[in-house]
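Worksheet: one structure, shown below.
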Amino acid sequence: MSSPDFQQLLNAEQLAAATAPDGPILVLAAAGTGKTRTLVFRVAHLVRHGVAPDRILLLTFTNKAAREMLERAHEVVGPGVSGVWGGTFHHMANRMLRRHAPKLGFAHDFTIMDRDDSRTLVTQCVKEMKLENKDFPKPAVLLGLFSSVANTETPLADLVAQRFSEEEGLGPHIEAVHAAYTKRKRDMGAMDFDDLLVNGLKLLRDHADVQDRYQQQFRHVLVDEYQDTNPIQAEFVDRIGAGHGNVFVVGDDFQSIYSWRGADFRNIMTFPERYQGAQVYKLETNYRSVPGVLDVANACIAGNPEQFQKILRATRPAGARPTVVRLRDGDEQARYVVEQIRLLKREGHRLSDIAVLYRAHFHALELERLLPNARVPYVITSGMRFFEQAHIKDVCALLRVLVYPTDELAFTRLLGLLPKVGPRTAVKAWLKLAGKFVAKDPAQREILRSVLGAAAREPWSRIEAILDEATEGAGADDLVERFVDTFYGEHVRHAYENADERLDDIGAFMVDLARAESLDEFLSSIALLTNVDGDDASEEGGKEAVRLSTVHQAKGLEWGAVILLWAVEGMFPSSRSMNESEEGESEERRLFYVAVTRAKDVLRICVPEVRRTREGGVIYCTPSRFVEEIPPEFLLREHVGFL
């Protein structure tokens, strides 16, 4: 195979980084600048210059990414790359542990537990400690806490105090379950997914001979998406890389947006301090977006002073400037988006090349209501449609029980929220009620109470109080609020890791509900929405569909046209994020930068004037600081239905 001419295949920035001399190297790859290409050619460069493939360790966040990089490197320099150790941090830790697990008291053939295995084991621990009858966090929530402990090395007590600040006495019980879960795993000779990383690092920390072996084996350590590493992963790299000092990390501090998953922004920012003499290369030549989009991105991210400054430079010819659109409210915003989708389609954009992005799922509520009626097919990227989410269906179950006495599915779902009430108990109750539950009938309520076990009766009494309010004429939105305040809010915090986001969704649901002409009409409209198949919603659209996505889920993707919703203070940036962390504004700004840089040709930023309230009033919105900071000459401005 002829030797490739790197100078013909890479730009000057990529070439300098890919062929850099040995030593610690930080490649700051801004959005759309060829990060993956640079990593591929770095591997090819090393192999071409005589580094044995098995002396190279390539760490990524998905095995697919590692596989694709090595396949591309194979295309460049041939089969010589086949011996490279490539894969995720967990994959590499597993390879090490299979060889050295006895040093930690495990057999070579230890079991790796999947998520379902872990959930089952935690459930058993909770039952053995007789905590399942109490209002106790569900296994998924406990596993989320345990995972955070593992990946951030934060004491469990601190995390419990943050998550359940208003609930005294939970901490010792949760810590006891964690201890029991850890012991059971050890007794079974098993590790869960997080244990692979923790124990892989423990091998290096506690066993100098193991650390020395891998330090000597891997002459070069390469890391993709370094800005997303957590403290465990960063130390894993530091320890192995200390052997030869050839640590080549690629990332973008501008796109560090996963602190909530344990990613630590400081890993990339302190790299030059931890690796004295580190060479820093910047990739700033963008191949994705038109100049106008990059002007907006550069202006936005400049507001974060504590970062490695980079300026995206366009290679594409000028296109239309991004547009900031001032709109009356969320309904007007939804209508505008539908009109824009139709316009973009007429201009030649495929529906699958159009994305609507938002900071939080409930921001797209009005749009999700409108799209099916407008016969615009859509898909939710890595998520569920708003009204199909479990917490929204739970709240709807309460309302359906009130409106439809023969709705067995709603009745069963509502009862299933109670402690120690499963399908069998719900079916028994339904049969005893003769297939009908009239919420205001005292006799039927008494029959239901007689079927419920002791653990369920007190929570059910709280729900009964809400049913009483319904018979007294309380509004449906008020009933939902009472349901959340007296029962369901606590259930959400105990049942779901992302409790705050789900409660925000319910808040938006209540506003939508308050505007409905009748509860029956509202519930019917939801049923129709959830029975529409997005891919078949439009005959002419066929399999084509617009993408709806949170910005977090859109990272790493790109579209010809991007429409960003609710760019107003309190929504983007998120008021919760701003209040919960000193770094909140900086991360929100990085998130806005990620949203902007997903667009290749067209960028529309929507700024509604008001948000509707349950009482029928309005809350006036202030345009997002991230929009206000953009120089006026970089934007077109449009008013649609503006008050």
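The values are calculated or read from the model by the stated rules, or taken from the named source; none is laboratory data. The shown structure was predicted, so the numbers you read here are calculated from the model rather than taken from an experiment. Backbone-built Cβ (ideal geometry, glycine too); neighbour counts: all protein chains shown. Surface areas here come from the heavy atoms of the whole protein model, side chains and all, with no ligands, DNA or RNA. Shrake-Rupley method; radii C 1.70, N 1.55, O 1.52, S 1.80 Å.
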Any residue at all in segment 296-310 that's open to solvent by 40 Å² or more (accessible area, probe 1.4 Å), within 28 Å of Ile563 (Cβ to Cβ), modelled with pLDDT under 95 and assigned to a loop (DSSP other than H, G, I, E, B)?
yes
Within segment 280-289, identify whether any single residue is basic (Lys, Arg), out of contact with any strand residue (DSSP E or B) (no Cβ under 7 Å at 6 or more places or on another chain) and either loosely packed, with under 15 Cβ neighbours inside 10 Å or assigned to a loop (DSSP other than H, G, I, E, B) (or both), and answer yes or no.
no
Write out, first by first residue and then by second, each pair whose Cβ atoms fall under 6 Å of each other, whose residues are 6+ apart or on separate chains, and whose first residue, in segment 61-87, is surrounded by 13 or more Cβ atoms within 10 Å (Cβ to Cβ) while the second is modelled with pLDDT of 85 or more and charged (D, E, K, R).
Phe61/Glu225; Val77/Arg48; Gly83/Asp54
Within segment 103-135, count every residue that is open to solvent by less than 20 Å² (accessible area, probe 1.4 Å), over 16 Å from Leu196 (Cα atoms) and modelled with pLDDT of 90 or more.
4
Ala161 vs. criteria within 30 Å of Asp228 (Cα to Cα), part of a helix (DSSP H, G or I) and either at pLDDT below 90 or open to solvent by 10 Å² or more (accessible area, probe 1.4 Å) (or both):
yes
Looking only at residues in segment 181-197 that are open to solvent by 30 Å² or more (accessible area, probe 1.4 Å), over 25 Å from the mean Cα position of the chain (by Cα) and not charged (D, E, K, R), which one is farthest from Lys130 (Cα to Cα)?
Met188
Taking segment 372-392 and the residues there that are in a loop (DSSP other than H, G, I, E, B) and free of Cβ contacts under 8 Å to residues at least 60 places away in the same chain, the one that is most open to solvent (accessible area, probe 1.4 Å) would be Met384
First in segment 262-276 and modelled with pLDDT of 90 or more, second anywhere and in a loop (DSSP other than H, G, I, E, B) and loosely packed, with under 13 Cβ neighbours inside 10 Å, Cβ under 9 Å, 6 or more apart
Met269/Glu306
Please go through (1) within 30 Å of Arg515 (Cα to Cα); (2) open to solvent by 10 Å² or more (accessible area, probe 1.4 Å) for Glu585 and return the number of the only condition it doesn't satisfy.
(1)
Out of curiosity, is His349 touching a residue at least 60 places away in the same chain (Cβ under 8 Å) and buried (at least 21 other Cβ atoms within 10 Å of the Cβ)?
no
Among residues of segment 42-59 being open to solvent by 10 Å² or more (accessible area, probe 1.4 Å) and touching a helix residue (DSSP H, G or I) at 6+ places or on another chain (Cβ under 8 Å), the residue nearest to Gln255 (Cα to Cα) is His45
Could you tell me whether any residue of segment 357-369 is assigned to a strand (DSSP E or B), surrounded by 24 or more Cβ atoms within 10 Å (Cβ to Cβ) and not acidic (Asp, Glu)?
yes
For a quick check of your reading of the model, give me the residue pairs whose first member lies in segment 571-591 and is in contact (Cβ under 8 Å) with a residue 24 or more places away in the chain and farther than 11 Å from Ala360 by Cα, whose second is in a loop (DSSP other than H, G, I, E, B) and open to solvent by 60 Å² or more (accessible area, probe 1.4 Å), with beta-carbon atoms closer than 8 Å and at least 6 apart or on different chains.
Ser586/Glu306
Regarding segment 329-342, can at least one residue be identified that is at negative phi, within 26 Å of the chain's Cα centre (by Cα), β-branched (Val, Ile, Thr) and surrounded by fewer than 24 Cβ atoms within 10 Å (Cβ to Cβ)?
yes
Identify, please: which residue in segment 430-458 is within 20 Å of Glu132 (Cβ to Cβ) and of a type outside the set (D, E, K, R) and is, among those, surrounded by the most Cβ atoms within 10 Å (Cβ to Cβ)?
Leu452
For residues in segment 225-267 being aromatic (Phe, Trp, Tyr) and surrounded by fewer than 22 Cβ atoms within 10 Å (Cβ to Cβ), which is nearest to Thr597 (Cα to Cα)?
Tyr258
Against the definition (at negative phi and open to solvent by 60 Å² or more (accessible area, probe 1.4 Å)), how does Glu464 come out, yes or no?
no
Yes or no: segment 598-605 includes at least one residue that is crowded, with 19+ Cβ neighbours inside 10 Å, of a type in the set (D, E, K, R) and under 20 Å from Leu327 (Cα atoms).
yes
Assigned to a helix (DSSP H, G or I) and among the aliphatic types (A, V, I, L, M): which single residue out of Ala334, Ala318 fits that description?
Ala334
Neighbours by Cβ (under 6 Å, 6+ apart or cross-chain): first from segment 162-186, closer than 20 Å to Cys125 by Cα and touching a residue at least 60 places away in the same chain (Cβ under 8 Å); second open to solvent by less than 60 Å² (accessible area, probe 1.4 Å) and of a type in the set (Val, Ile, Thr)
Tyr181/Val122
Looking at segment 134-154, can you tell me whether even one residue there is in contact with a strand residue (DSSP E or B) (Cβ under 7 Å, 6 or more places away or on another chain) and among the basic types (Lys, Arg)?
no
Residues that are among the β-branched types (Val, Ile, Thr), at least 2 per element: which helices (runs of 4 or more DSSP H) completely within segment 437-489 meet that?
442-451, 454-471
Considering only segment 198-224, how many residues are open to solvent by less than 50 Å² (accessible area, probe 1.4 Å), part of a helix (DSSP H, G or I) and not hydrophobic (A, V, I, L, M, F, W, C)?
6
From the residues in segment 610-635 that are outside any loop (DSSP other than H, G, I, E, B), surrounded by 13 or more Cβ atoms within 10 Å (Cβ to Cβ) and over 29 Å from the mean Cα position of the chain (by Cα), which one is modelled with the highest pLDDT?
Phe634
